[in-house]
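The values are calculated or read from the model by the stated rules, or taken from the named source; none is laboratory data. Note that the structure is predicted; figures quoted are calculated from it, not measured. Here the Cβ is made from the backbone with ideal geometry for all residues, glycine too, and neighbour counts use every protein chain on show. Heads up: the accessible areas ignore ligands, DNA and RNA and are worked out on the full protein's heavy atoms, side chains in. Shrake-Rupley method; radii C 1.70, N 1.55, O 1.52, S 1.80 Å.
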Amino acid sequence: MPTRPGFLIGRIFGIPIYLHSSWVLAFVLISLSLEGQFAQQYPKWTPAWHWTIGLATSLLFFASVIFHELCHSIVALRYKIRVVSITLFIFGGLARIGRDPDKAIQEFNIAVAGPVSSYFLAALFYGLALLFPSNETLNALCNWLSGINFALATFNLLPGFPLDGGRIFRAIVWGWTKDFSRATRTAGAAGRLIAYGMILFGIWYAAFKGQWQSGLWFAFIGWFVLNAAQESVAQLAVRETLSGLRASDVMSHEIPTVQGSSSLEEYGGEVLRTGRRCHLVTNDDRFVGMMNTHTLNSVPKEEWNSTSVQAAMIPRDKILWAAPEEPLLRLHERLLASDINQMPVVSDGAAGSQIVGMISRDSILRVMQARAELGHATTGNGR
Ligand SMILES: [Zn+2]
(Lines give C-alpha, C1' and ligand atoms only; values in the text may rest on other atoms or scores of the structure.)
Protein backbone atom coordinates (compact mmCIF):
# COMPACT_ATOMS: atom_id res chain seq x y z
CA MET A 1 0.00 0.00 0.00
CA PRO A 2 1.44 3.39 -0.88
CA THR A 3 2.68 5.11 2.25
CA ARG A 4 3.25 8.53 0.69
CA PRO A 5 0.31 9.96 -1.16
CA GLY A 6 2.28 11.21 -4.18
CA PHE A 7 1.41 13.95 -6.59
CA LEU A 8 -1.76 15.99 -5.91
CA ILE A 9 -3.88 16.27 -9.07
CA GLY A 10 -6.94 17.97 -7.60
CA ARG A 11 -9.77 17.88 -5.11
CA ILE A 12 -13.31 16.60 -5.48
CA PHE A 13 -15.78 17.35 -2.65
CA GLY A 14 -12.74 18.58 -0.70
CA ILE A 15 -11.05 15.15 -0.96
CA PRO A 16 -7.49 15.42 -2.29
CA ILE A 17 -6.80 13.07 -5.22
CA TYR A 18 -3.21 11.85 -5.53
CA LEU A 19 -1.20 10.01 -8.16
CA HIS A 20 1.29 7.63 -6.55
CA SER A 21 4.54 7.18 -8.50
CA SER A 22 3.73 3.51 -9.15
CA TRP A 23 0.62 4.60 -11.04
CA VAL A 24 2.81 5.75 -13.96
CA LEU A 25 3.80 2.14 -14.59
CA ALA A 26 0.16 1.01 -14.63
CA PHE A 27 -0.76 3.85 -16.99
CA VAL A 28 2.08 3.04 -19.40
CA LEU A 29 1.36 -0.73 -19.38
CA ILE A 30 -2.38 -0.32 -19.92
CA SER A 31 -1.93 2.33 -22.65
CA LEU A 32 0.62 0.12 -24.44
CA SER A 33 -1.58 -2.93 -24.25
CA LEU A 34 -4.60 -0.95 -25.51
CA GLU A 35 -2.62 0.47 -28.41
CA GLY A 36 -1.56 -3.08 -29.33
CA GLN A 37 -5.10 -4.41 -29.02
CA PHE A 38 -6.62 -1.62 -31.15
CA ALA A 39 -3.88 -2.02 -33.78
CA GLN A 40 -4.83 -5.69 -34.10
CA GLN A 41 -8.61 -5.20 -34.07
CA TYR A 42 -8.72 -2.11 -36.29
CA PRO A 43 -5.87 -2.39 -38.81
CA LYS A 44 -7.43 0.35 -40.94
CA TRP A 45 -6.88 3.03 -38.29
CA THR A 46 -3.70 5.10 -38.54
CA PRO A 47 -1.02 4.37 -35.88
CA ALA A 48 -1.56 7.88 -34.46
CA TRP A 49 -5.25 7.05 -33.99
CA HIS A 50 -4.41 3.72 -32.26
CA TRP A 51 -2.31 5.70 -29.82
CA THR A 52 -4.83 8.50 -29.32
CA ILE A 53 -7.70 6.13 -28.58
CA GLY A 54 -5.42 3.89 -26.50
CA LEU A 55 -4.41 6.81 -24.30
CA ALA A 56 -7.94 8.19 -24.10
CA THR A 57 -9.33 4.79 -23.08
CA SER A 58 -6.58 4.37 -20.50
CA LEU A 59 -7.31 7.81 -19.00
CA LEU A 60 -11.04 7.08 -18.90
CA PHE A 61 -10.28 3.80 -17.15
CA PHE A 62 -8.46 5.66 -14.36
CA ALA A 63 -11.28 8.19 -14.23
CA SER A 64 -13.59 5.19 -13.69
CA VAL A 65 -11.39 4.04 -10.80
CA ILE A 66 -11.57 7.52 -9.23
CA PHE A 67 -15.36 7.43 -9.65
CA HIS A 68 -15.44 4.06 -7.86
CA GLU A 69 -13.38 5.40 -4.93
CA LEU A 70 -15.45 8.60 -4.84
CA CYS A 71 -18.64 6.59 -4.44
CA HIS A 72 -17.14 4.79 -1.40
CA SER A 73 -16.08 8.22 -0.09
CA ILE A 74 -19.42 9.96 -0.54
CA VAL A 75 -21.18 7.28 1.49
CA ALA A 76 -18.46 7.55 4.18
CA LEU A 77 -18.88 11.34 4.30
CA ARG A 78 -22.62 10.87 4.75
CA TYR A 79 -21.81 8.98 7.97
CA LYS A 80 -19.54 11.87 9.06
CA ILE A 81 -16.46 9.74 8.48
CA ARG A 82 -13.59 11.83 7.16
CA VAL A 83 -12.05 10.77 3.87
CA VAL A 84 -8.33 11.56 4.08
CA SER A 85 -7.43 11.05 0.43
CA ILE A 86 -7.96 9.08 -2.74
CA THR A 87 -4.80 7.69 -4.32
CA LEU A 88 -4.30 6.07 -7.71
CA PHE A 89 -1.50 3.53 -7.60
CA ILE A 90 -0.29 0.52 -9.54
CA PHE A 91 -3.14 -1.78 -8.44
CA GLY A 92 -5.92 0.75 -8.92
CA GLY A 93 -7.38 3.16 -6.42
CA LEU A 94 -7.44 3.54 -2.68
CA ALA A 95 -9.76 5.73 -0.63
CA ARG A 96 -8.20 6.38 2.75
CA ILE A 97 -11.01 6.61 5.28
CA GLY A 98 -10.37 8.38 8.60
CA ARG A 99 -11.68 5.65 10.88
CA ASP A 100 -13.63 2.40 10.96
CA PRO A 101 -17.40 2.85 10.73
CA ASP A 102 -19.39 2.63 13.97
CA LYS A 103 -22.01 0.22 12.69
CA ALA A 104 -22.03 -2.83 10.46
CA ILE A 105 -24.68 -1.30 8.20
CA GLN A 106 -22.44 1.74 7.57
CA GLU A 107 -19.53 -0.49 6.62
CA PHE A 108 -21.82 -2.48 4.35
CA ASN A 109 -23.09 0.61 2.53
CA ILE A 110 -19.64 2.18 2.15
CA ALA A 111 -18.23 -1.07 0.73
CA VAL A 112 -21.11 -1.87 -1.59
CA ALA A 113 -21.07 1.62 -3.18
CA GLY A 114 -17.82 0.79 -5.04
CA PRO A 115 -18.89 -2.29 -7.01
CA VAL A 116 -22.33 -0.75 -7.63
CA SER A 117 -20.68 2.32 -9.17
CA SER A 118 -18.46 0.16 -11.39
CA TYR A 119 -21.44 -1.92 -12.58
CA PHE A 120 -23.21 1.37 -13.29
CA LEU A 121 -20.27 2.55 -15.43
CA ALA A 122 -20.17 -0.83 -17.21
CA ALA A 123 -23.86 -0.42 -18.11
CA LEU A 124 -23.34 3.22 -19.11
CA PHE A 125 -20.49 2.45 -21.54
CA TYR A 126 -22.40 -0.55 -22.90
CA GLY A 127 -25.42 1.67 -23.51
CA LEU A 128 -23.28 4.29 -25.27
CA ALA A 129 -21.88 1.65 -27.61
CA LEU A 130 -25.43 0.48 -28.41
CA LEU A 131 -26.62 4.04 -29.04
CA PHE A 132 -23.97 4.78 -31.67
CA PRO A 133 -23.46 1.45 -33.50
CA SER A 134 -21.86 3.04 -36.57
CA ASN A 135 -19.15 4.90 -34.67
CA GLU A 136 -16.24 2.43 -34.69
CA THR A 137 -13.97 4.49 -32.47
CA LEU A 138 -16.60 5.10 -29.82
CA ASN A 139 -17.50 1.40 -29.90
CA ALA A 140 -13.91 0.29 -29.41
CA LEU A 141 -13.49 2.63 -26.46
CA CYS A 142 -16.87 1.97 -24.84
CA ASN A 143 -16.76 -1.80 -25.22
CA TRP A 144 -13.40 -2.03 -23.53
CA LEU A 145 -14.42 0.32 -20.70
CA SER A 146 -17.68 -1.53 -20.21
CA GLY A 147 -15.84 -4.86 -19.95
CA ILE A 148 -13.12 -3.59 -17.64
CA ASN A 149 -15.58 -1.90 -15.26
CA PHE A 150 -17.64 -5.08 -15.15
CA ALA A 151 -14.51 -7.10 -14.38
CA LEU A 152 -13.40 -4.55 -11.78
CA ALA A 153 -16.72 -4.70 -9.93
CA THR A 154 -16.84 -8.49 -10.05
CA PHE A 155 -13.23 -8.93 -8.92
CA ASN A 156 -13.79 -6.50 -6.05
CA LEU A 157 -16.76 -8.54 -4.86
CA LEU A 158 -14.49 -11.50 -3.96
CA PRO A 159 -15.23 -12.02 -0.27
CA GLY A 160 -11.71 -11.47 1.11
CA PHE A 161 -10.44 -8.48 3.02
CA PRO A 162 -9.32 -5.84 1.92
CA LEU A 163 -11.39 -6.16 -1.27
CA ASP A 164 -14.84 -4.55 -1.22
CA GLY A 165 -16.41 -8.00 -1.07
CA GLY A 166 -14.31 -8.73 2.02
CA ARG A 167 -15.63 -5.57 3.67
CA ILE A 168 -19.18 -6.55 2.77
CA PHE A 169 -18.45 -10.00 4.20
CA ARG A 170 -17.03 -8.44 7.38
CA ALA A 171 -20.07 -6.17 7.73
CA ILE A 172 -22.40 -9.17 7.47
CA VAL A 173 -20.44 -11.22 10.05
CA TRP A 174 -20.15 -8.13 12.26
CA GLY A 175 -23.90 -7.43 12.07
CA TRP A 176 -24.63 -11.10 12.71
CA THR A 177 -22.26 -11.74 15.63
CA LYS A 178 -22.00 -8.13 16.94
CA ASP A 179 -18.29 -8.89 17.27
CA PHE A 180 -16.05 -6.58 15.21
CA SER A 181 -12.82 -8.43 16.09
CA ARG A 182 -14.16 -11.80 15.09
CA ALA A 183 -15.61 -10.37 11.87
CA THR A 184 -12.26 -8.78 10.97
CA ARG A 185 -10.35 -12.00 11.64
CA THR A 186 -12.79 -14.03 9.55
CA ALA A 187 -12.68 -11.59 6.63
CA GLY A 188 -8.88 -11.33 6.96
CA ALA A 189 -8.53 -15.13 6.83
CA ALA A 190 -10.77 -15.24 3.76
CA GLY A 191 -8.59 -12.51 2.22
CA ARG A 192 -5.45 -14.59 2.79
CA LEU A 193 -7.10 -17.64 1.25
CA ILE A 194 -8.16 -15.68 -1.84
CA ALA A 195 -4.70 -14.12 -2.09
CA TYR A 196 -2.96 -17.53 -2.02
CA GLY A 197 -5.45 -18.75 -4.60
CA MET A 198 -4.65 -15.80 -6.87
CA ILE A 199 -0.90 -16.30 -6.51
CA LEU A 200 -1.15 -20.03 -7.32
CA PHE A 201 -3.52 -19.40 -10.23
CA GLY A 202 -1.19 -16.69 -11.56
CA ILE A 203 1.84 -18.97 -11.42
CA TRP A 204 -0.10 -21.82 -13.04
CA TYR A 205 -1.40 -19.50 -15.77
CA ALA A 206 2.10 -18.21 -16.46
CA ALA A 207 3.85 -21.59 -16.37
CA PHE A 208 1.35 -23.90 -18.08
CA LYS A 209 -0.65 -21.58 -20.29
CA GLY A 210 2.29 -19.47 -21.42
CA GLN A 211 0.44 -16.29 -20.39
CA TRP A 212 3.40 -14.70 -18.66
CA GLN A 213 2.08 -11.16 -18.43
CA SER A 214 -1.43 -11.93 -17.18
CA GLY A 215 -0.22 -14.71 -14.91
CA LEU A 216 2.45 -12.64 -13.20
CA TRP A 217 0.08 -9.69 -12.92
CA PHE A 218 -2.47 -11.90 -11.19
CA ALA A 219 0.12 -13.32 -8.80
CA PHE A 220 1.33 -9.81 -8.08
CA ILE A 221 -2.17 -8.59 -7.17
CA GLY A 222 -2.57 -11.69 -5.00
CA TRP A 223 0.60 -10.77 -3.16
CA PHE A 224 -0.76 -7.25 -2.60
CA VAL A 225 -4.07 -8.60 -1.26
CA LEU A 226 -2.12 -10.95 1.04
CA ASN A 227 -0.15 -8.04 2.51
CA ALA A 228 -3.23 -5.91 2.98
CA ALA A 229 -5.14 -8.76 4.63
CA GLN A 230 -2.28 -9.27 7.10
CA GLU A 231 -2.07 -5.54 7.73
CA SER A 232 -5.75 -5.33 8.59
CA VAL A 233 -5.39 -8.10 11.18
CA ALA A 234 -2.28 -6.35 12.58
CA GLN A 235 -4.30 -3.12 12.90
CA LEU A 236 -6.90 -5.08 14.81
CA ALA A 237 -4.20 -6.23 17.23
CA VAL A 238 -3.29 -2.57 17.86
CA ARG A 239 -6.94 -1.81 18.46
CA GLU A 240 -7.31 -4.63 20.94
CA THR A 241 -4.08 -3.76 22.75
CA LEU A 242 -5.03 -0.13 23.20
CA SER A 243 -8.67 -0.69 24.09
CA GLY A 244 -9.60 0.41 27.58
CA LEU A 245 -6.60 2.73 27.92
CA ARG A 246 -6.83 6.50 28.09
CA ALA A 247 -4.39 9.35 27.51
CA SER A 248 -3.88 9.85 31.25
CA ASP A 249 -2.72 6.22 31.65
CA VAL A 250 0.18 6.62 29.27
CA MET A 251 1.16 10.31 29.33
CA SER A 252 4.37 11.42 30.98
CA HIS A 253 3.88 13.91 33.78
CA GLU A 254 7.18 15.53 33.06
CA ILE A 255 6.66 18.65 30.96
CA PRO A 256 9.98 20.02 29.78
CA THR A 257 9.91 23.74 28.96
CA VAL A 258 12.14 26.10 27.03
CA GLN A 259 12.29 29.90 27.02
CA GLY A 260 10.92 31.52 23.87
CA SER A 261 13.89 33.86 23.75
CA SER A 262 16.47 31.04 23.54
CA SER A 263 18.15 30.56 20.19
CA LEU A 264 17.65 27.39 18.18
CA GLU A 265 21.35 26.67 18.70
CA GLU A 266 20.76 26.61 22.46
CA TYR A 267 17.63 24.52 22.00
CA GLY A 268 19.58 21.99 19.91
CA GLY A 269 22.12 21.76 22.71
CA GLU A 270 19.36 21.12 25.24
CA VAL A 271 17.91 18.33 23.10
CA LEU A 272 21.33 16.70 22.71
CA ARG A 273 22.06 16.95 26.43
CA THR A 274 18.75 15.61 27.75
CA GLY A 275 17.47 13.44 24.92
CA ARG A 276 14.04 15.10 25.25
CA ARG A 277 12.62 15.90 21.85
CA CYS A 278 9.58 18.01 22.66
CA HIS A 279 9.23 21.11 24.85
CA LEU A 280 6.60 23.62 25.76
CA VAL A 281 7.68 27.18 25.04
CA THR A 282 7.15 29.80 27.72
CA ASN A 283 7.54 33.53 27.72
CA ASP A 284 7.71 35.12 31.21
CA ASP A 285 6.00 32.00 32.61
CA ARG A 286 3.26 32.34 30.01
CA PHE A 287 2.75 29.32 27.77
CA VAL A 288 3.07 30.42 24.12
CA GLY A 289 3.73 27.34 21.99
CA MET A 290 5.44 24.03 21.42
CA MET A 291 8.89 23.18 20.07
CA ASN A 292 10.27 19.83 18.94
CA THR A 293 13.12 18.35 16.94
CA HIS A 294 10.96 18.06 13.84
CA THR A 295 10.30 21.81 13.88
CA LEU A 296 13.95 22.48 14.70
CA ASN A 297 15.09 20.46 11.67
CA SER A 298 12.78 22.41 9.39
CA VAL A 299 15.03 25.46 9.91
CA PRO A 300 18.39 25.40 8.04
CA LYS A 301 21.27 24.82 10.44
CA GLU A 302 23.03 28.07 9.41
CA GLU A 303 20.08 30.02 10.81
CA TRP A 304 19.96 28.33 14.21
CA ASN A 305 22.17 30.95 15.82
CA SER A 306 20.11 33.91 14.63
CA THR A 307 16.62 32.40 15.09
CA SER A 308 14.76 32.30 18.40
CA VAL A 309 12.68 29.35 19.56
CA GLN A 310 9.64 31.62 19.56
CA ALA A 311 10.11 32.44 15.87
CA ALA A 312 10.28 28.77 14.85
CA MET A 313 7.89 27.10 17.32
CA ILE A 314 4.37 25.83 16.67
CA PRO A 315 2.22 28.66 18.07
CA ARG A 316 -0.29 27.89 20.81
CA ASP A 317 -3.38 28.11 18.61
CA LYS A 318 -1.94 25.63 16.07
CA ILE A 319 -1.20 22.88 18.60
CA LEU A 320 -3.40 19.80 18.70
CA TRP A 321 -4.44 18.80 22.22
CA ALA A 322 -5.49 15.65 23.96
CA ALA A 323 -7.82 15.38 26.94
CA PRO A 324 -6.79 13.06 29.83
CA GLU A 325 -9.89 10.92 29.35
CA GLU A 326 -9.47 10.58 25.56
CA PRO A 327 -9.34 6.90 24.54
CA LEU A 328 -5.80 5.96 23.55
CA LEU A 329 -6.89 4.27 20.35
CA ARG A 330 -8.50 7.44 19.01
CA LEU A 331 -5.56 9.52 20.14
CA HIS A 332 -3.15 7.15 18.37
CA GLU A 333 -5.19 7.48 15.17
CA ARG A 334 -5.15 11.27 15.50
CA LEU A 335 -1.37 11.32 15.94
CA LEU A 336 -0.92 9.15 12.85
CA ALA A 337 -3.47 11.04 10.76
CA SER A 338 -1.93 14.44 11.45
CA ASP A 339 1.61 13.02 11.26
CA ILE A 340 2.82 14.40 14.58
CA ASN A 341 4.80 12.72 17.32
CA GLN A 342 3.73 14.45 20.52
CA MET A 343 0.70 16.19 21.95
CA PRO A 344 0.21 18.03 25.22
CA VAL A 345 -2.53 16.66 27.46
CA VAL A 346 -4.78 19.42 28.76
CA SER A 347 -7.19 19.15 31.63
CA ASP A 348 -10.09 21.56 32.14
CA GLY A 349 -10.37 22.26 35.87
CA ALA A 350 -11.82 24.93 38.11
CA ALA A 351 -8.66 26.96 37.66
CA GLY A 352 -9.02 26.95 33.87
CA SER A 353 -7.25 24.66 31.42
CA GLN A 354 -3.93 23.31 32.51
CA ILE A 355 -1.29 21.18 30.84
CA VAL A 356 -1.03 17.98 32.88
CA GLY A 357 1.26 15.87 30.73
CA MET A 358 2.71 15.01 27.36
CA ILE A 359 1.87 12.04 25.21
CA SER A 360 3.98 10.72 22.36
CA ARG A 361 3.82 8.00 19.76
CA ASP A 362 6.85 6.45 21.47
CA SER A 363 5.06 6.13 24.78
CA ILE A 364 2.07 4.50 23.09
CA LEU A 365 4.41 2.13 21.26
CA ARG A 366 6.07 1.17 24.56
CA VAL A 367 2.70 0.29 26.06
CA MET A 368 1.83 -1.82 23.02
CA GLN A 369 5.15 -3.69 23.28
CA ALA A 370 4.78 -4.26 27.01
CA ARG A 371 1.24 -5.53 26.57
CA ALA A 372 2.31 -7.81 23.72
CA GLU A 373 5.07 -9.29 25.92
CA LEU A 374 2.71 -9.93 28.80
CA GLY A 375 0.17 -11.53 26.49
CA HIS A 376 -3.49 -10.83 26.17
CA ALA A 377 -4.37 -11.80 29.74
CA THR A 378 -4.02 -8.20 30.83
CA THR A 379 -5.94 -6.58 28.00
CA GLY A 380 -9.40 -7.59 29.10
CA ASN A 381 -9.63 -5.22 32.06
CA GLY A 382 -10.96 -2.22 30.18
CA ARG A 383 -12.42 0.66 32.12
ZN1 LIG B 1 -13.84 -0.39 -3.91
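Taking residue 81 as the residue in question, decide whether it is over 28 Å from residue 179 (Cβ atoms), buried (at least 17 other Cβ atoms within 10 Å of the Cβ) and of a type in the set (A, V, I, L, M). Before you say what the answer is, go through the steps one by one.
On the way: over 28 Å from residue 179 (Cβ atoms): no; buried (at least 17 other Cβ atoms within 10 Å of the Cβ): yes; of a type in the set (A, V, I, L, M): yes.
Here the answer is no, as residue 81 does not meet what is asked.
So which residues in segment 135-171 are open to solvent by 50 Å² or more (accessible area, probe 1.4 Å), under 22 Å from residue 231 (Cβ atoms) and either among the basic types (Lys, Arg) or within 13 Å of the ligand (Cβ to nearest atom) (or both), if there are any at all?
Once the filter is applied, which keeps residues that are open to solvent by 50 Å² or more (accessible area, probe 1.4 Å), under 22 Å from residue 231 (Cβ atoms) and either among the basic types (Lys, Arg) or within 13 Å of the ligand (Cβ to nearest atom) (or both), segment 135-171 yields 155, 157, 158, 167.
Mind listing whichever residues of segment 22-78 are touching a residue at least 60 places away in the same chain (Cβ under 8 Å), within 16 Å of the ligand (Cβ to nearest atom), open to solvent by less than 40 Å² (accessible area, probe 1.4 Å) and of a type in the set (Val, Ile, Thr)?
The one that is touching a residue at least 60 places away in the same chain (Cβ under 8 Å), within 16 Å of the ligand (Cβ to nearest atom), open to solvent by less than 40 Å² (accessible area, probe 1.4 Å) and of a type in the set (Val, Ile, Thr): 65.
Return only the number of the condition from (1) at pLDDT 85 or above; (2) over 28 Å from the mean Cα position of the chain (by Cα) that residue 198 does not satisfy.
(2)
Taking residue 292 as the residue in question, decide whether it is of a type in the set (S, T, N, Q), surrounded by 19 or more Cβ atoms within 10 Å (Cβ to Cβ) and modelled with pLDDT of 85 or more.
Yes: the conditions hold for residue 292.
For segment 83-126, which residues satisfy the criterion of being more than 15 Å from the ligand (Cβ to nearest atom), more than 19 Å from residue 169 (Cβ to Cβ) and touching a residue at least 24 places away in the same chain (Cβ under 8 Å)?
Within segment 83-126, 84, 90, 98, 99, 125 qualify.
Which one is farthest from residue 232 (Cα to Cα), of the residues in segment 134-187 that are more than 23 Å from the chain's Cα centre (by Cα) and outside any helix (DSSP H, G or I)?
134
Go through the residues of segment 34-41 one by one and say whether even a single one is farther than 17 Å from residue 97 by Cβ and touching a Phe, Trp or Tyr at 6+ places or on another chain (Cβ under 6 Å). Quick ask: steps written out before the conclusion?
Pass one, segment 34-41, residues farther than 17 Å from residue 97 by Cβ: 34-41.
Okay, now just the ones that are also touching a Phe, Trp or Tyr at 6+ places or on another chain (Cβ under 6 Å), so 35.
Yes: segment 34-41 contains one or more residues that are farther than 17 Å from residue 97 by Cβ and touching a Phe, Trp or Tyr at 6+ places or on another chain (Cβ under 6 Å).
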